[in-house]
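As structure tokens, the structure follows; a few thoughts come after it.
The values are calculated or read from the model by the stated rules, or taken from the named source; none is laboratory data. This one's a predicted model, so the numbers in the text were calculated from it and none came from an experiment. Here the Cβ is made from the backbone with ideal geometry for all residues, glycine too, and neighbour counts use every protein chain on show. Keep in mind that these areas ignore ligands, DNA and RNA; they rest on the heavy atoms of the full protein, side chains included. Shrake-Rupley method; radii C 1.70, N 1.55, O 1.52, S 1.80 Å.
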Protein chains: 2
Amino acid sequence: MSTIRDVAKEAGVSVATVSRVLNNSGYVNEDTRKRVMDAIEKLNYKPNAVARSLFKKQSKMIGLIVPDITNPFFPQLARAVEDVTKQAGYTLVLCNSDNQIDKEQEYIEVLKQKYIDGFIIVTSTLKQEHIEGLGVPIVALDRAIDDSTPYVGVDNYEGAKMATRFLLNKGCKKIAHVRGSIGILTADERCRGYIDELQNLSLFNPELIVNGDFQIQKTKQAMIELLTIYPDIDGVFAGNDIMAIGVLKAAEEVGKKIPEQLSVIGFDGIALSEITTPELTTMSQPIYEIGSTAAKMLLGIIEEKPLPKSTYTFPVRLVERKSTR
Amino acid sequence: MSTIRDVAKEAGVSVATVSRVLNNSGYVNEDTRKRVMDAIEKLNYKPNAVARSLFKKQSKMIGLIVPDITNPFFPQLARAVEDVTKQAGYTLVLCNSDNQIDKEQEYIEVLKQKYIDGFIIVTSTLKQEHIEGLGVPIVALDRAIDDSTPYVGVDNYEGAKMATRFLLNKGCKKIAHVRGSIGILTADERCRGYIDELQNLSLFNPELIVNGDFQIQKTKQAMIELLTIYPDIDGVFAGNDIMAIGVLKAAEEVGKKIPEQLSVIGFDGIALSEITTPELTTMSQPIYEIGSTAAKMLLGIIEEKPLPKSTYTFPVRLVERKSTR
DNA sequence: TTGTAAGCGTTATCAG
DNA sequence: CTGATAACGCTTACAA
């Protein structure tokens, strides 16, 4: 590996001049520029990013913290983020937090020591107090942190209302809800939307809500029980597509036909929702767009461009497939 | 942010001493060590990883290059790799190559400039010539590169033979194969296993192989055609679980009952294989173990521990579910 | 046992 | 337009 010094020597100039052509900053004579370029070429010189980082206090890296990349919602987000950051010359560091605040904080600490340029975080545990005075830009993805930190996500509340209303319009009389883990913002909001939509019509019954914790098996068990106690349930709004699959499994187990006897609608619109039998009706999020928007936003902040908006709330779209009649 | 110099001043010692306690290298008096520790505590000092990198020519980062994190096989691998590297104090950089050699090479180049400590790569395009003299350790994951570079994966050939044999044992008389993209090592090996198993019994007919390119839709179309031409096909070995799902969809479309009229077996054992209806019989890989083994291996190389083995070929395990009779 | 000082490879300031 | 040179924050000979 050759250094800037080698290039300078080869070209017969000073390192300062080489640096100038490298960053094309300041004046440099066209001839000498050529000589430098030739030397760079000849030595196959690549600038050392670490040395550059040390001086500039920035690393051209951004950190993405998600609960668990294994959850099918996140790879699409990660891909979107990686696409736009790579495009802009940044490198993506992947972090799995398992929804644990200490892991989140550890990642942040470690990466700050590497002069990370910014974070995109999906978190339910980090609050304003944890990130104020951080000194590194953050954008919250999927779940808002507080009003003062930039955020990109969807309108979970409205989406949940739409889903519930859709079931109502389909003629469902008794609609249950499998909610995601308590304390996860998106799960809470979706549950609230479901409740509010039914409460208006005095159709709400708290017994019809079960907790699926975003897991297939747990949802399946809970739904089997629920469907046994209330065999007249004719619609289920699941807090996400994973849990909707659990509902499908439960229905199969207790011998309920979908969609004839039971309509189920999910939330997220992950790729999985198209491969079930029957294919899942769901409230679809523009996942890739959300991820890429968050990434563009973060890059904007890092590069100190003026931010047009500090919050993007995308609408959610009903995709009607085969699990609702 | 305070520097080592601040700590030194605070503790009334030289920076060298602080560095010594930081890395506990060399001798340092117990009292002065305590003074230094107190100063570190008081100033909440964190060493700057970039400066350290510059000197040591290593970054405590490892790069994971996969074709596309959005493909459900890779998140589990990524998770495993992240778990073990994080545990060892390393940070994971995620790279999506889309199977394009130029992207792979670009990532390698960029990360080398950051003193990346090693790579774990899933590639079908990188050959020995591209990586020799790289100067950074590599381990090949899922797909071998050449005999001289460490590799972790499964025995695709044997797995494919097992899958085919299983179908045979179930009484299938006419077994088709949907293969993955040509040129992808795993797809080629699995196809070869299928062919060899049947050829022994002179049951092989090249017309029964179609290319699904690892995609659901493409597989579905191809299988619909194939099932129309050869309605007596009674078994399908799909090159991976994704394509097996395509087969399921095709069967539904042409009105073939699974498993009564058609048995299908997949490969990989990704989480998805449990959520289809019927649930998929598949040749399951120990995905997490493969990922973690590759990561441990790479760390071993980086830390110059003697390598017990330079190749790990895990066996693949038949998981019988509902898509085969 | 501790301190001094020379790097590590860049960038940017300031003269010239 | 170009060149010295002082940082950036840390580690490690080498001295003391």
Can you pull out every residue in the range B:95-115 that is of a type in the set (A, V, I, L, M) and either open to solvent by 10 Å² or more (accessible area, probe 1.4 Å) or more than 13 Å from chain A (Cβ to nearest Cβ) (or both)? B:101, B:108, B:110
Go through the range B:222-247 and report how many residues are open to solvent by 20 Å² or more (accessible area, probe 1.4 Å) and closer than 21 Å to residue B:72 by Cα. 1
Going through the range A:13-33 one residue at a time, which ones are among the polar types (S, T, N, Q), within 6 Å of DNA strand D (Cβ to nearest atom) and in contact (Cβ under 8 Å) with a residue 12 or more places away in the chain? A:17, A:32
Unique residue being within 14 Å of chain A (Cβ to nearest Cβ), in contact (Cβ under 8 Å) with a residue 12 or more places away in the chain and touching a Pro at 6+ places or on another chain (Cβ under 9 Å) when the list is B:287, B:216, B:301, B:242: B:242
Let me spell it out: the conditions are (1) more than 11 Å from chain A (Cβ to nearest Cβ); (2) surrounded by 20 or more Cβ atoms within 10 Å (Cβ to Cβ), and residue B:53 meets all of them except one. Which number is the exception? (1)
Checking the conditions here, which among A:115, A:90 is over 30 Å from residue A:180 (Cα atoms), outside the structural domain of residue A:272 (by TED's automatic domain parsing), touching a residue at least 24 places away in the same chain (Cβ under 8 Å) and touching a helix residue (DSSP H, G or I) at 6+ places or on another chain (Cβ under 6 Å)? A:115
Inspect all residues belonging to the range A:37-50 and state whether any of them is free of Cβ contacts under 8 Å to residues at least 24 places away in the same chain, within 12 Å of chain B (Cβ to nearest Cβ) and among the aliphatic types (A, V, I, L, M). yes
Contact list please: Cβ distance under 6 Å, first residue in the range A:261-272 and within 13 Å of another protein chain (Cβ to nearest Cβ), second residue part of a strand (DSSP E or B), pairs at least six apart or on different chains. A:266/A:238; A:266/A:282
Lone qualifier among B:175, B:258, B:275 - being within 14 Å of chain A (Cβ to nearest Cβ) and over 27 Å from residue B:68 (Cα atoms): B:258
Look at residue A:1 and say whether it is within 11 Å of DNA strand C (Cβ to nearest atom) and out of contact with any Cys (no Cβ under 8 Å at 6 or more places or on another chain). yes
Determine whether the range B:205-228 contains at least one residue that is among the β-branched types (Val, Ile, Thr) and within 30 Å of residue A:218 (Cβ to Cβ). yes
For residues that are at the interface with chain B (Cβ under 9 Å from one of its Cβ atoms) and open to solvent by 10 Å² or more (accessible area, probe 1.4 Å), scanning just the range A:62-79, find the one that is farthest from the chain's Cα centre (by Cα). A:70
Those residues of the range B:210-221 which are farther than 15 Å from residue B:256 by Cβ and open to solvent by less than 40 Å² (accessible area, probe 1.4 Å) amount to B:210, B:212, B:216
Per the filter on the range A:24-48, residues within 7 Å of DNA strand C (Cβ to nearest atom), at pLDDT below 95 and either open to solvent by 60 Å² or more (accessible area, probe 1.4 Å) or in contact with a helix residue (DSSP H, G or I) (Cβ under 6 Å, 6 or more places away or on another chain) (or both) are A:26
